[in-house]
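Q: Below is the structure I would like to discuss, written out as structure tokens.
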Amino acid sequence: MFPISVTILTKNSEKHLEKLLAILREFDEVLICDTGSVDCTLEIAAAFSNVRIEKSVFQGFGPTHNEASQLAKHDWIFSLDSDEIPSPELLAEMRNFPLQKGCVGSFPRKNFYHNKWIWGCGWYPDRVVRLYNRTETQFSPVQVHEAVQCHGLEVRLFQGPLLHYSYDTVADFLQKMQIYTKLFAEQNHGKRSSSIFKAILHGCFAFVKSYLWKGGLFLGVEGFEISLYNANTAFYKYLKLREANQQKKRSDE
């Protein structure tokens, strides 16, 4: 058994959860922090003897990740999303990883769309720090684009990937775009300026960066769809921020 607690945030996460939890049987604690599932998420989790379920209110990704880590049994935390599957190579590396203070573990992610590995569009290696000691660090306390804070810590690079099944269909793009753009506006209103021009500029730049600079051009229709999704996400992030700033200005008057 790994002397590590796995923490997973869930809400209606039944799609990949059973496969993920089956792979995590080697860990003596997997802590599910659920923020309101109404599908079969909790029933799937309850079927695994090493899984502990805690219910919470979603406070943004960073704060909710930090709440989950504080509820865990072990100080060493392996934080996963419910659509991330550790590869056998990653788990083999982790078995030999010395749990020494002063360091964190960084993993490459293989992101999939339409069951294809997307090596371009900025989707690989897409490294994320997910193994850390909670007595030394935590996630940044932000609504979205949270990350484990690594200042003063050694980042050790794992080679085994996390297999990330975040987007299976166009509907997944639309659903996540709504979530991320809303949280971006909530996080930044009153702090960053925005305008129609900025929204268009960010959207166009995101498309060019993803499709041309990051190789989406060579990934067929998937590369085009992902690049267009990146462009629309950037556009609506700043459009919603403009709207939120206007509403704040009216309420302050």
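The values are calculated or read from the model by the stated rules, or taken from the named source; none is laboratory data. Since this is a predicted model, take the numbers as computed values, not measurements. Ideal geometry is used to build each Cβ from the backbone, glycine not excepted, and the neighbour counts take in all protein chains shown. For the accessible areas, the whole protein counts, side chains as well, though only heavy atoms, and no ligand, DNA or RNA atoms are used. Shrake-Rupley method; radii C 1.70, N 1.55, O 1.52, S 1.80 Å.
Q: Going down the list 19/73; 73/191; 110/182, which pairs span over 31 Å between their C-alpha atoms?
A: Check vs 31 Å cut-off fails for 73/191.
Q: Leaving out ligands and nucleic acids, note down the accessible area per residue over the chain with a 1.4 angstrom probe, in whole Å².
A: Computed with neighbouring chains in place, this is 50 Å² per residue.
Q: Kindly sort 250, 109, 242, 134 by accessible area of their heavy atoms, largest first, with the probe set to 1.4 Å.
A: 250, 242, 134, 109
Q: Pop out the carbon and sulfur fraction of the accessible area of the chain as a percent, whole number, probe 1.4 Å.
A: The value for the chain is 56 percent carbon and sulfur by accessible area.
Q: Shape verdict for segment 41-182, please, from the Cα gyration tensor: rounded (a/c under 1.5), prolate (a/b greater than b/c) or oblate. Please report the intermediate quantities before stating the final value.
A: Values: a/c = 1.37, a/b = 1.16, b/c = 1.17.
In terms of gyration-tensor shape, rounded.
Q: In Å, the Kirkwood hydrodynamic radius of the chain over pairs of distinct alpha carbons?
A: It is 19.4 Å.
Q: I would also like to ask the following. In nm, to one decimal, how far is the modelled label at residue 58 from the one at residue 43, with both set 7 Å along Cα→Cβ?
A: Here the modelled spin labels are 2.2 nm apart.
Q: Tell me, what is a quarter of the convex hull surface for the C-alpha atoms of segment 64-146, in nm² with one decimal?
A: On the way: hull surface 26.1 nm².
Mean shadow area of the hull around the Cα atoms is 6.5 nm².
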